[in-house]
Amino acid sequence: MLHHEQVVIHTGERSGLPVMVAIHSTALGPAAGGLRLWHYPDWRDGLADALRLSAAMTAKFAVAGLPGGGGKTVVVLPGRGELDPRRRRDVLRDVADVIASLGGRYATGPDVGTGPDDMALIGETTPYVFCRPARLGGSGDSSPHTARGSLAALRAVGRRLYGTASMKGLRLAVMGLGRVGAGLARLLAAEGAALTVTDIDPAGRGIADELGALWCPPDGILAADVDILVPAALGSVLTKQTVPELRCRAVVGPANNQLASPDVADLLHHRGIVWVPDHVVSAGGVINAVSTELHRVGADRAQARVLAIETTVDELLDTAHRHGRTPARAAEELALRRLRGASAPAGSPAPRGRTWEI
Ligand code: PHE
């Protein structure tokens, strides 16, 4: 069964590449979610990713208590390597056309493979885009806010496990040193955490040296002897095969889609490992963008909303503990409650067709 309200697949007029926008739910408000430019073995794999990621965005908004819905855009890139600048512009204009055609039901933002300058280009065609550079009136790079929000989530878990929200002396393994991962590693290092880091790009070693962190090859990090594992790269690192290898007490990080399948959350629970859903941990970027660009709150209030992820995680851990459930289940129930609360009474049509007022 298709659980999504709308899925649009276009072969880009200029680029010839598949552009896919998945709108999972607009029950709480119009949909938002980043634009991912990535390589997949087949366009259908990209579609599967868009479907999963957009559903996670619905949960992200619902748990964060924000009036937005879940969406995502995926463009499946050919071969390996980077796009040359012209081709990239063509792709972005193709994406912008599809977003414009949705008339405000969905707005995009940065994600894996895209940043503020790409959003600026999309903004030349359609206003439904977050995180354009500040000089163009956007809120700019969302990754520092995602990193801060992730740190807030880590504090809640640190308090639960060790009785202190401080990261000082805590042993953390950060997997992935992209914009969010490197930013988070810097915040953690500044607070005196004992860091082990890795990235598929060996250039990450430079960041490790700069931060005084231990470097570990990517295939060794899951089994690192640490307090908390922090996935901050691409998804599906937690599988039936990898969970038995873990030596940490918690897995808390901003990478999307960390679980290969939902039942892996139960495996982690049975091993006594706390797992906080990635959509809760990584909400900082979208919370800041929506708060500043739509709700027009000042930087301080937006930041406070991002830091409130700590309270959200606290409450989820509490509920999970009290009811003997996984935090994943507690988050799902909270999201469903909010989504149900928003839906119209039985018999009347679902609240579809909401658009962003940008
Ligand atoms: N890629 C991030 C997310 O999916 C950030 C984002 C910010 C997305 C603003 C959309 C809008 O949460």
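The values are calculated or read from the model by the stated rules, or taken from the named source; none is laboratory data. What you are looking at is a predicted structure, and each value in this text was computed from that prediction instead of being measured. We place every Cβ from the backbone using ideal geometry, glycine too, and count neighbours over all the protein chains shown. With ligands, DNA and RNA removed, areas are computed over all heavy atoms of the protein, side chains included. Shrake-Rupley method; radii C 1.70, N 1.55, O 1.52, S 1.80 Å.
What percent of all Cα-Cα pairs in the stretch 279-335 falls in each 5 Å bin, counting up from 0?
4, 20, 24, 18, 15, 11, 6, 2
How charged is the neighbourhood of V274? Take every other residue with its Cβ under 9 Å from the Cβ of V274, and add Lys/Arg as +1 and Asp/Glu as -1.
After counting each charged neighbour, the total is +2.
So if we plug the beta-carbon distance of W38 and E124 into 1/(1 + (r/R0)^6) with R0 = 30 Å, what FRET efficiency do we get, rounded to 0.05?
Efficiency computed from Cβ-Cβ geometry: 0.85.
Of the DSSP beta bridges with both residues in the chain, give the percent that are antiparallel, rounding to the nearest 5.
Antiparallel: roughly 30 percent of the beta bridges in the chain.
Local charge sum around L246 (other residues, Cβ-Cβ under 11 Å, Lys/Arg +1, Asp/Glu -1)?
Summing Lys and Arg as +1 and Asp and Glu as -1 gives +1.
What's the center-to-center distance, using Cα atoms, between the stretch 36-108 and the stretch 160-207 in Å?
Computed from Cα coordinates, the inter-centre distance equals 28 Å.
Going from most exposed to least, what order do H323, H295, H270, H39 have by accessible area with a 1.4 Å probe?
My answer, sorted largest first, is H270, H323, H295, H39.
If you take the beta carbon distance between R87 and R205 as r and set R0 to 45 Å, what does 1/(1 + (r/R0)^6) give as a FRET efficiency, to the nearest 0.05?
Using R0 = 45 Å, I get an efficiency of 0.90.
Would you look at the GNM of the chain, springs on alpha carbons closer than 10 Å, and say which of G33, G176, G16 moves the most?
G16
With everything on Cα atoms, drop me the angle between helix 309-323 and the longest principal axis of the chain, reported from 0 to 90° to the nearest 10.
The angle comes out at about 70 degrees.
Pull up all non-local amide H partners of G69: gap of 5 or more, or a different chain, and H-to-H distance under 5 Å with H placed in the peptide plane.
For G69, the qualifying residues are G29, A31, A32.
In the neighborhood of R36, defined by Cβ-to-Cβ distances under 9 Å, what is the net charge if each Lys or Arg adds +1 and each Asp or Glu adds -1?
-1
Would you compute, from DSSP H runs of 4+ residues alone, the mean residue ellipticity of the chain at 222 nm, taking -39500 (n - 2.57) per run and dividing by the full residue count, rounded to the nearest 500?
For the chain, the value works out to -13000 deg cm²/dmol.
Taking springs between alpha-carbon atoms closer than 10 angstrom, which of D45, D199, D314 fluctuates most in the Gaussian network model of the chain?
Among D45, D199, D314, the largest mean-square fluctuation in the Gaussian network model of the chain belongs to D45.
Using each residue's phi in the stretch 240-247, evaluate 6.51 cos²θ - 1.76 cosθ + 1.60 at θ = phi - 60° and report the 3J(HN,Hα) Karplus result to the nearest Hz, with x for Gly and Pro.
3J(HN,Hα) across the stretch 240-247, in whole Hz: 4, 7, 7, 4, x, 7, 5, 10.
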